[in-house]
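For reference, the structure is listed below as C-alpha cells.
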C-alpha cells in the first residue's frame, strides 16, 4: 500500500499545507488513514468495514486462500483471518470446515478485543500508536499482563464467553516490517477444541502467510 508524505499529498491535491494536514489528521482520527513509522500517510482497512475489500485489494485474502484451505484440511477446523477496523475486529476471510459439528461465524462478524482470540492478538501485536488509540477509545481491552503473555507465547486463546460452546486460538500474521496485518485463527466447538493439537499448524500457517507478504514463500 502506497504511503505519502504530507508534502506529497499537498502536491497531489493542492491547497494550503495547514488545511491539508488538518484534514489528514481528521481522517486518521476517524480511522480512514494511518501513519507509518516514518510519519507517512496511507489508507487504513477502515475503507471496508469487514475488511474483505481491503484484503482483496491488497490481494492478501485471495493469495492466502490456499493456505487457509490447507490449514482447514489438516486440522478439520474452520480458519479465519480477522483485521482491526477502527476500534473493532472483524472476520475478513473464512474457510469453513467440512464437519457437521462446526462453528458458524460469518465474514463480517465483529469480535470483541478483550475476549476473542483474534481480538486479543490484534491488540497484543498492534503498534504503539494504534494501541494507544485503542486505549483512549473507551472500549474494553485485554489487561496488560495478558497482552504481555500473548506476545511471549505468540498466540492467544479465546475466553469462551462471546460465543457459547465455541473456542478459538489465534496467531498474528506479520508483514515484512514485523507489523501485524491480521490475525489467523482456528475455531472449533468447545467439545472438540484441542489447543495443543491446533497450535503448531496455526503458527506454521501464520508464519507462511507472513512470508507470502514478504515475497519469501517456501
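Every number in this text was worked out from the coordinates using simple rules, so none of it is lab data. The model shown is predicted, which means the values in this text are computed figures rather than measured ones. When we count neighbours, we look across all protein chains shown, and the Cβ atoms used for this are built from the backbone with ideal geometry, even at glycine.
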- [ ] Subtracting the Cα-Cα distance from 0.36 nm times the residue separation, let me have the gained length for residue 191 to residue 38 in nm, one decimal.
- [x] 50.4 nm
TODO: Using the number of other C-beta atoms within 10 angstrom as an exposure proxy, rank 5, 199, 167 with the fewest first.
DONE: 5, 199, 167
TODO: Just rank 150, 209, 139, fewest to most, by other beta-carbon atoms within 10 angstrom.
DONE: 139, 150, 209
